[in-house]
Amino acid sequence: MAIKFGRPIESRTRFTPVEAAQRLDLTVRMRRNRRSEWARRMVREHVLTTDDLIWPLFVMDGDNARAPVASMPGVERLSVDQAVREAERAAKLSIPCVALFPYTDPKLRDEAGSEALNPDNLVCRAIGAIKKEVPNVGILCDVALDPFTSHGHDGLLRDGVILNDETVAVLVRQALVQAEAGCDIIAPSDMMDGRVGAIRKALDSANFTDVSIMSYAAKYASAFYGPFRDAVGSSKTLTGDKRTYQMDPGNSDEALREVALDIEEGADMIMVKPGLPYLDIVQRVKEAFGMPTFAYQVSGEYAMIMAAAQNGWLDGERAMLESLIAFKRAGADGVLTYFAPRVAEKLKAG
Ligand code: PBG
């Protein structure tokens, strides 16, 4: 008989089930609730439904045209008519809302991002077309200048510095143009100070009291936006980085201050971005404010899962579902995700 720490270890390794149970003396067995699919379903704390999804769409000029985004397998830029098709698909799949992002013709980009204020720009045309054909799908639009500026920044640039207050004045006009076109949710993603309050005030004065604001309240300066910048065509032109306006990834308390300010300024819903690397922020924000809280599973997160799946390194479908339930577990009320149509199809199929 082996002796270890002075206590005899039994050399016998095979026990009858009853003997084994007696030796362990377990009254609590966590595995009982996991023993079958029906039991797992019955005790599940969080579920993902199609109501949790916001589907980002990239729009471009053209007719009946689609162009793949190389760094986002399965994602395409869509001409307006095709964006309408996808909005119809969203309605069929019970996805409540789509988010529109334009690929602006490089010829229309300038220092000031003035195409953002054109009431007939791509985003506005897409809003109009979708509202006409699929009125029951919500439309969310980014407010920021990066798809329109020649330098790829979200704001106005002077001598290498992003100007806060001058930018806010332009963003207010951009928000009004989008509201006029029929946008339901204005989503300022620029991280300028004071923009939510300024936009709320302007919307109200123009009688757009029913237009909502979902603010990108805690938006981090992240490497995970890379593929998105390919999709909207700003990655090649972006000079420098966005660290003077987007948040430092090392900070967490600061996110709560950002969110508190946006709520005070009139945000109806708030967003944390990116998603999975910032789940702690989602949880803190939801706990602290109890606001409708959304997470953006950004382009780089999507690309990582897709790339690994395409290499056969992980099961893409399971990774997709697991990544999305994580947001629900952290307390998010919904997720902006490029997986939206695929996951909705999967959820519908059961
Ligand atoms: C624009 C904007 C960005 C994203 C959403 N709105 C990029 C950025 O801030 O550089 C990123 C979304 C994604 O990566 O999927 N301000």
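The values are calculated or read from the model by the stated rules, or taken from the named source; none is laboratory data. Worth saying up front: this structure is predicted, and the values here are computed from it rather than measured. Cβ sites come from the backbone with ideal geometry, for glycine too, and all protein chains shown count toward neighbours. Ligands, DNA and RNA are excluded from the accessible area calculation, which covers all protein heavy atoms including side chains. Shrake-Rupley method; radii C 1.70, N 1.55, O 1.52, S 1.80 Å.
Here are a few things to note about the model shown:
Yes or no, residue by residue, for (1) open to solvent by 20 Å² or more (accessible area, probe 1.4 Å); (2) within 12 Å of the ligand (Cβ to nearest atom):
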position: Leu100; (1), (2): no, yes
position: Lys107; (1), (2): yes, no
position: Asn121; (1), (2): no, no
position: Cys124; (1), (2): no, no
position: Ile127; (1), (2): no, no
position: Glu133; (1), (2): yes, no
position: Glu166; (1), (2): yes, no
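- Pairs are defined by a Cβ separation below 8 Å, a sequence spacing of at least 6 or placement on different chains, a first member in the stretch 136-152 that is under 21 Å from Leu53 (Cβ atoms) and free of Cβ contacts under 8 Å to residues at least 40 places away in the same chain, and a second member that is away from the ligand (no atom under 11 Å from the Cβ) and outside any loop (DSSP other than H, G, I, E, B); no pair meets this definition.
- In the stretch 310-327, the qualifying residues are those that are open to solvent by 80 Å² or more (accessible area, probe 1.4 Å) and in contact (Cβ under 8 Å) with a residue 12 or more places away in the chain, and the one that is nearest to the chain's Cα centre (by Cα) is Glu317.
- Scanning the stretch 46-93 for residues that are surrounded by fewer than 19 Cβ atoms within 10 Å (Cβ to Cβ), touching a residue at least 40 places away in the same chain (Cβ under 8 Å) and within 16 Å of the ligand (Cβ to nearest atom) yields a total of 3.
- The set of residues in the stretch 278-303 that are within 12 Å of the ligand (Cβ to nearest atom) and open to solvent by 30 Å² or more (accessible area, probe 1.4 Å) is empty.
- Filter result for Gly334 (buried (at least 20 other Cβ atoms within 10 Å of the Cβ), within 16 Å of the ligand (Cβ to nearest atom) and not aliphatic (A, V, I, L, M)): yes
- Cross-chain or 6+ apart pairs with Cβ under 8 Å, the stretch 165-178 first and under 12 Å from Ala202 (Cα atoms) and assigned by TED's automatic domain parsing to the domain that holds Leu100, then surrounded by 21 or more Cβ atoms within 10 Å (Cβ to Cβ) and charged (D, E, K, R): Val168/Arg195; Leu171/Asp190; Leu171/Arg195; Val172/Arg195
- Some residue of the stretch 223-241 being open to solvent by less than 10 Å² (accessible area, probe 1.4 Å), within 12 Å of the ligand (Cβ to nearest atom), over 23 Å from Met291 (Cα atoms) and assigned to a loop (DSSP other than H, G, I, E, B): yes
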